[in-house]
Amino acid sequence: MRGTLNDQSLIYLQIARMLEDDILRGVYREEEQVPSTNELARGYNINPATAAKGINLLVADGILYKRRGIGMFVSKGAGETVKQKRKAAFYDGYVKPLVKEGASLALTGEEITAMIERAVREENDK
C-alpha cells in the first residue's frame, strides 16, 4: 500500500483514488488481488467500513470485482476504465470551466486553443 491520507477529501474517496493510481501504475494488474478491507484499515489506521466504502466505489465502477470468500480483484480492462473515468472528470472539472471563463472574457475558441497550446509547450520545455 502506498500513499498517505490527508484532510483534503473524504477518506474513502482517497482510498479509491490510491487504488486507481496503483492500477494505472501497474502495481495491481488485471485479475490480481488488491488489499482487503481489513488490510487497508490496518495500513491506514482507519475504520474497515471506510475502507469498504472506497472499495465498493470501485466495484460499482467495474474496476474491481469480488470473488466470494477470496477477496477483491482487478477487473479486465480496469486501467482503461480508470483512464476514461478520469478523462471525463478532467473534462467536467477543468475544460468546461475553462471554456466558460473564456466566454466570460470574450475569448474565441481559437484564442483559448492557442493559450492551451502555449501552456503545453511551456510544460514540455521544463
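The values are calculated or read from the model by the stated rules, or taken from the named source; none is laboratory data. Treat the numbers as computed from the prediction; the structure is a model and nothing was measured. Glycine gets a Cβ as well: all are built from the backbone with ideal geometry, and neighbour counts include every protein chain shown. Heads up: the accessible areas ignore ligands, DNA and RNA and are worked out on the full protein's heavy atoms, side chains in. Shrake-Rupley method; radii C 1.70, N 1.55, O 1.52, S 1.80 Å.
One-quarter of the Cα convex hull surface for the stretch 1-47, in nm²?
Details: hull surface 13.0 nm².
One quarter of the hull surface, i.e. the mean projection, equals 3.3 nm².
In what sequence, highest mean first, do 16-22, 66-72, 4-10 appear when ranked by Cβ atoms within 10 angstrom? Can you show the working numbers first?
On the way: 16-22: 20.3, 66-72: 11.1, 4-10: 9.3.
Highest mean packing first, the order is 16-22, 66-72, 4-10.
Whole-Hz Karplus ³J(HN,Hα) for the stretch 114-126, in order, using 6.51 cos²θ - 1.76 cosθ + 1.60 and θ = phi - 60°, x for Gly and Pro?
4, 5, 5, 4, 4, 5, 5, 4, 4, 5, 5, 7, 5
With only Lys, Arg, Asp and Glu charged, each at its Cβ (+1 for the first two, -1 for the last two), find how big the charge dipole of the chain is about the Cα centre; round to the nearest 20 debye.
560
Just from its helices, what would the mean residue ellipticity at 222 nm be for the chain, if runs of 4 or more DSSP H residues each count -39500 (n - 2.57) and the sum is divided by every residue, rounded to the nearest 500 deg cm²/dmol? Before the final figure, lay out each step's value.
On the way: 6 runs with 73 residues, N = 126.
Helices in the chain give a 222 nm mean residue ellipticity of -18000 deg cm²/dmol.
Name the long-range amide H neighbours of Tyr28: under 5 Å, sequence gap of 5 or more, or other chain; modelled H, no Pro or chain starts.
Close amide H contacts, sequence-distant or interchain: Ile23.
Once each part is reduced to its C-alpha centroid, what is the distance from the stretch 69-126 to the stretch 12-43 in angstrom?
23
Which of the following values of Rg/Rh (Cα atoms, Kirkwood Rh) was calculated from the structure shown: [x] 0.98; [y] 1.11; [z] 0.96?
Of the listed options [x] 0.98; [y] 1.11; [z] 0.96, [y] comes from this structure.
In this model, which of Lys83/Lys126; Lys66/Lys100; Lys66/Lys96; Lys53/Lys87; Lys53/Lys126 are farther than 31 Å apart at the alpha-carbon?
Values: Lys83/Lys126 25 Å; Lys66/Lys100 41 Å; Lys66/Lys96 36 Å; Lys53/Lys87 23 Å; Lys53/Lys126 39 Å.
From the list (Lys83/Lys126; Lys66/Lys100; Lys66/Lys96; Lys53/Lys87; Lys53/Lys126), the Cα-Cα distance tops 31 Å for Lys66/Lys100; Lys66/Lys96; Lys53/Lys126.
Where does each of Ser75, Ser104, Ser36 land when they are ordered by accessible area, with a 1.4 Å probe and the largest first? Can you show the working numbers first?
Working: Ser75 15, Ser104 85, Ser36 50 Å².
So the residues, ranked largest to smallest area, are Ser104, Ser36, Ser75.
For Leu24 and Glu111, what is the calculated FRET efficiency with R₀ set at 35 Å and r taken between the beta-carbons, to the nearest 0.05?
On the way: r = 33 Å, r/R0 = 0.94.
Calculated value: 0.60.
With the other protein chains left in place, how much accessible area per residue, in square angstrom, belongs to the chain at a 1.4 angstrom probe?
Numbers: 8750 Å² over 126 residues.
The answer is 69 Å² per residue.
Apply the Karplus parameterisation 6.51 cos²θ - 1.76 cosθ + 1.60, with θ equal to phi minus 60°, to every residue of the stretch 39-44 and state each ³J(HN,Hα) to the nearest whole Hz, in sequence, with x for glycine and proline.
Ordered by residue, 3J(HN,Hα) equals 5, 5, 4, 5, x, 10 Hz.
At 0.36 nm per residue, minus the direct Cα-Cα distance, what do Gln33 and Lys85 gain on full extension? Give it in nm, one decimal, please.
That works out to 16.6 nm of additional length.
Given Gly71, Asn47, Val82, which one lies farthest toward the positive end of the charge dipole of the stretch 1-85, if we put +1 on the Cβ of every Lys and Arg and -1 on the Cβ of every Asp and Glu?
The listed residue farthest towards the positive side: Gly71.
Which far-off residues, 5 or more places away or on another chain, put their amide H under 5 Å from the one on Leu64, with H placed in the peptide plane?
Result for Leu64 returns Val59, Ser75.
Using a 1.4 Å probe over the heavy atoms of the protein chains, calculate the carbon and sulfur portion of the accessible area of the stretch 1-93 as a whole percent.
Working: 2880 of 5800 Å².
The C+S portion of the solvent-accessible surface of the stretch 1-93 is 50 percent.
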